[in-house]
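Asks: The structure under discussion is supplied below as structure tokens; questions concerning it will follow.
The values are calculated or read from the model by the stated rules, or taken from the named source; none is laboratory data. Keep in mind it's a predicted model, so treat the numbers as computed, not measured. Cβ placement follows ideal geometry from the backbone for every residue including glycine, while neighbour counts extend to all protein chains displayed. Note: accessible area is taken over every heavy atom of the protein model, side chains too, but ligands, DNA and RNA are not part of it. Shrake-Rupley method; radii C 1.70, N 1.55, O 1.52, S 1.80 Å.
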Amino acid sequence: KIPKFKNSNSKKEGVKRYTKATRSILAIIEEHGFITCNIASRIQYKGQKQAYINAARKLRTMEQNKLLVHYIYPQTKEYIYQIKAKQISDHKKILIDFYSRLNELVDEVIYFNSKEISWPIAKRRNDGHIIYKLNNNIYGILIEVDFSHYTSQEKLMDIYNSKEVHMWYKENYGTDNYFPSILIISLLGDTKYSKVPFSYNTLDFEFSNIKD
């Protein structure tokens, strides 16, 4: 079975007395290490008219109740809410921000792995993997965040040619010869490859063309 992203139905020891929203927010933090008002508004309060206000109020209340602490993320001046204070990487911040942005635009995110994924045959790794549902169709994305490195075409071709990803989707979804699109997130969002056998998209760190 495909491992599923923990949601508001997750049952955690010691938090059963909390509200559904509180449990959901704690589950997100336990899974990914932090949450922000923007991220909570796009995940927990998706579709609500006052999503950001509701998220900010909820996180502030959870901090007042000693469930969360926060520090200010220097690049964007956002509050980073955590269960225990720990500096997050810029790489992780971009990855979780992207997940929350995508979550706003699709019907459902059915799988999200924000940890580095290893492909043993290819001897390569991806920064993240996300699968979502839109208009009753399922799509996958392998994510690369080029914050301190450049994702080479050679690396992506090694992953593609190993057939490991194809086999993963075959085992979990029963698809034949399916390879997800590649997403490269970089400072300018202008990465280009030549004559590759897979689809790829690029985004800058502000996700300025994500709706395209």
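Asks: Residues in the stretch 125-153 that are within 18 Å of HIS91 (Cα to Cα) and open to solvent by 60 Å² or more (accessible area, probe 1.4 Å): how many?
Replies: 5
Asks: Next up: Considering only residues that are within 27 Å of GLU154 (Cβ to Cβ) and among the aliphatic types (A, V, I, L, M), which ones fall in the stretch 106-129?
Replies: ILE117, ILE121, ALA122
Asks: Please specify each residue of the stretch 78-96 satisfying the condition of being in contact (Cβ under 8 Å) with a residue 60 or more places away in the chain and open to solvent by 20 Å² or more (accessible area, probe 1.4 Å).
Replies: Across the stretch 78-96, the qualifying residue is only LYS92.
Asks: Restricting to the stretch 161-180, and then to whatever is touching a residue at least 24 places away in the same chain (Cβ under 8 Å) and not charged (D, E, K, R), can you tell me which residue is most open to solvent (accessible area, probe 1.4 Å)?
Replies: Here the residue is ASN161.
Asks: How about the stretch 110-168: which of its residues are closer than 20 Å to TYR99 by Cα and among the aromatic types (Phe, Trp, Tyr)?
Replies: Correct list: TYR111, PHE112, TYR132, TYR139, PHE147.
Asks: Test each condition in (1) at pLDDT 95 or above; (2) of a type outside the set (Asp, Glu); (3) touching a strand residue (DSSP E or B) at 6+ places or on another chain (Cβ under 8 Å) for PHE179 and report the one that comes out false.
Replies: It fails just one condition, (3).
Asks: Looking only at the stretch 18-77, which residues are buried (at least 17 other Cβ atoms within 10 Å of the Cβ) and not in a helix (DSSP H, G or I)?
Replies: Across the stretch 18-77, the qualifying residues are GLY33, PHE34, ILE35, THR36, GLN44, TYR45, LEU67, LEU68, HIS70.
Asks: How many of the residues in the stretch 136-145 are farther than 15 Å from PRO180 by Cβ and modelled with pLDDT of 95 or more?
Replies: Total satisfying the criteria: 1.
Asks: I would also like to ask the following. Output the number of the condition that TYR111 fails; it satisfies all remaining conditions of (1) touching a His at 6+ places or on another chain (Cβ under 9 Å); (2) surrounded by fewer than 19 Cβ atoms within 10 Å (Cβ to Cβ); (3) over 30 Å from TYR150 (Cβ atoms).
Replies: (3)
Asks: Report, ordered by the first and then the second residue, all pairs with beta carbons closer than 7 Å, sequence separation of six or more or different chains, a first member in the stretch 49-64 that is β-branched (Val, Ile, Thr), and a second member that is at pLDDT 95 or above and open to solvent by 40 Å² or more (accessible area, probe 1.4 Å).
Replies: Nothing qualifies.
Asks: Consider GLY14 against the criteria (1) open to solvent by 30 Å² or more (accessible area, probe 1.4 Å); (2) of a type outside the set (A, V, I, L, M, F, W, C); (3) modelled with pLDDT of 95 or more; (4) out of contact with any helix residue (DSSP H, G or I) (no Cβ under 8 Å at 6 or more places or on another chain): it satisfies all of them except one. Which criterion is unmet?
Replies: For GLY14, the exception is condition (3).
Asks: A further question on this structure: Can you tell me which of (1) charged (D, E, K, R); (2) open to solvent by less than 20 Å² (accessible area, probe 1.4 Å); (3) under 13 Å from ILE43 (Cβ atoms) is the one ARG101 doesn't meet?
Replies: (2)
Asks: Hey, among the residues in the stretch 181-212 that are hydroxyl-bearing (Ser, Thr, Tyr) and open to solvent by 40 Å² or more (accessible area, probe 1.4 Å), which one's farthest from ILE131 (Cα to Cα)?
Replies: That would be SER194.
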